[in-house]
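Asks: My structure is below; once you've seen it, I'll send some questions.
What follows is calculated from the coordinates using simple rules that are stated; it is not laboratory data. Remember, predicted model here, so these are calculated numbers, not experimental data. Positions of Cβ are generated from backbone atoms using ideal geometry, with glycine treated the same way; all protein chains shown enter the neighbour counts.
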Amino acid sequence: MKLSEKKLFLFDIDGTLAVGDELLPESRELLDEIEARGGQSYFITNNSTRSQEDYVTRFREVFGLAARPEQFATSSYVSALALREQFGNASVFVVGTGSLIAELRRFGVNAVTEWRDDLAALLVGYDSSLTYEKLCAASELLQTTALPWFATNPDLRCPAPFGFIPDCGAICHMLTDTTGRHPHYFGKPARRMVDLCIEQSGFTPEQTLVVGDRLYTDIACGINAGVDTCLLLTGEATLDELRTTIYRPTYCFETVAALRRACKF
């Protein structure tokens, strides 16, 4: 199916549509044109520091864009669904932001930040409030118990106006280097975000396009879900990485503006 025929666009946010508090050039126009042609935009992000409602507020107050909570498939949301399905009301020890903990609880996960006898699992997220005390608590759990270890997303770094900052994957690497244990990741590249968006929107996989700036999360997620993908060279991925990667996107463009032109709205 041609780009001009795509209806459901699943956008990564950081490094793809925006960097920091600034939308990339022509992001707003692209989103408007997708809606005008009868399509929908959803946002699939591995950033677990914000809830769906947080993103609605951020889009409105920072970007001047209207959006609904169900348009955001976040790593905290898919983590909550998976943990609730697997552990029910049992307690999950969480290393993450207050927003992540609130989102988990909103979807029925008993998220806690202290040692309890009924702990069922450990979840680590991208934590902008990370402290050494939190790292020590997670290290103790991983070395003195057999609790399963989960993490919201494997991203190693997150775009910032000056370059990059450590993301959840980097935090988990510290814990792995310390304890020898490895987490199971819920977010991209797992396919669940794409599946949820397709189910919610009513469009088909053939009508769907995943757009992102990372090969090993965004593009791999689309490939795992069996949909077309588009890499934008606006964030982490480089042309050199594109030449050697096993995650080959269906399309690749330098900018959002170039994608907009290629769609021929």
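Asks: Taking R0 as 41 Å, what's the FRET efficiency between THR244 and GLU61 from their Cβ-Cβ distance, rounded to 0.05?
Replies: Once rounded, the FRET efficiency stands at 0.55.
Asks: Relative contact order, percent, of segment 76-185 when contacts are C-alpha pairs under 8 Å separated by at least 6 residues?
Replies: This gives 23 percent for segment 76-185.
Asks: Another one. Given H placed on each backbone N at 1.01 Å, which residues far from VAL95 in sequence or on other chains put an amide H within less than 5 Å of it?
Replies: Under 5 Å from the amide H of VAL95 lie the amide H atoms of LEU123, VAL124, GLY125, each far enough along the sequence or on another chain.
Asks: Next up: GNM on the chain, C-alpha springs below 10 Å: top fluctuator among ASN47, ASN89, ASN153?
Replies: ASN89
Asks: Could I ask something else about it? List residues of segment 219-236, by number, whose backbone nitrogen lies under 17 Å from a label position 7 Å along Cα→C-beta of GLU5.
Replies: The answer is 227-229, whose backbone nitrogens lie closer than 17 Å to the label point.
Asks: Helix 168-179 versus the longest principal axis of the chain: what angle, 0 to 90°, nearest 10, using Cα atoms?
Replies: Helix 168-179 and the main axis of the chain meet at about 30 degrees.
Asks: Between (1) 19.9; (2) 21.3; (3) 18.8, which matches Kirkwood radius over Cα pairs in Å calculated for the structure shown?
Replies: Recomputing Kirkwood radius over Cα pairs in Å here gives the entry labelled (3).
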